[in-house]
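Okay, structure first, notes after.
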Amino acid sequence: MTVSAIEFSRLGPPKLHLYAMKCDKCGELSPWWERNHCYHCGNDSLTEFELKGTGELTNYTVVYYPPREFLGQEPYVVGHIQMDEGVNMPAPVMGVDPDAVEVGTRVDATLRRMKLGHEGDIYYSYKFVVDDE
């Protein structure tokens with residue numbers, strides 16, 4: 001979920017949370033953007049399910065030539081995070097050298113500035129940082 005600075009100031013960090021969609025029929029979790037049907041059974045009744053925000057990096061890529069909105073952040077790591085609850089989420093990974101990133105690294109979700117919009121709007125979303133424990 002990505003929100004603008006205006007939405008961020010209106011909603012505030014306590015109201016922004018990392019979630020998946022849980023099927024009301026079979027209980028399977030789907031990524032947050034899948035609001036229409038369950039990937040597993042096809043049921044069309046899903047409910048938001050808050051995630052703890054911890055997981056493991058299962059694969060990644062290093063971006064050297066980003067889209068315009070992300071210029072100045074390169075190089076950066078974007079990976080798939082296998083959340084502890086079982087759902088797979090794509091997200092940027094911060095605080096790791098692109099040459100030293102490894103599959104299996106434990107990560108924690110954090111709310112950070114995601115990008116600058118075309119008209120100077122600032123957007124916030126979840127990124128992941130390396131878990132130091």
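At a glance:
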{"read-out": "Which numbered condition Gly104 misses (of (1) closer than 18 Å to Val130 by Cα; (2) surrounded by 15 or more Cβ atoms within 10 Å (Cβ to Cβ))", "value": "(2)"}
{"read-out": "Strands (runs of 3 or more DSSP E) contained in region 24-133 and holding at least 1 residues without any contact (Cβ under 8 Å) to a residue 12 or more places away in the chain", "value": "106-116"}
{"read-out": "Selected residue (only one of Glu7, Glu69, Glu34 is at pLDDT below 90, touching a Gly at 6+ places or on another chain (Cβ under 8 Å) and surrounded by fewer than 17 Cβ atoms within 10 Å (Cβ to Cβ))", "value": "Glu69"}
{"read-out": "Residue that is modelled with the highest pLDDT [pool: residues in region 93-110 that are within 11 Å of Tyr126 (Cα to Cα) and touching a Phe, Trp or Tyr at 6+ places or on another chain (Cβ under 6 Å)]", "value": "Val93"}
{"read-out": "Qualifying position, being touching a helix residue (DSSP H, G or I) at 6+ places or on another chain (Cβ under 7 Å) and aliphatic (A, V, I, L, M), among Leu57, Leu116", "value": "Leu116"}
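The values are calculated or read from the model by the stated rules, or taken from the named source; none is laboratory data. All values reported here derive from a predicted model rather than from experimental measurement. Please note: Cβ atoms are built from the backbone with ideal geometry, for glycine as well, and neighbour counts cover all protein chains shown.
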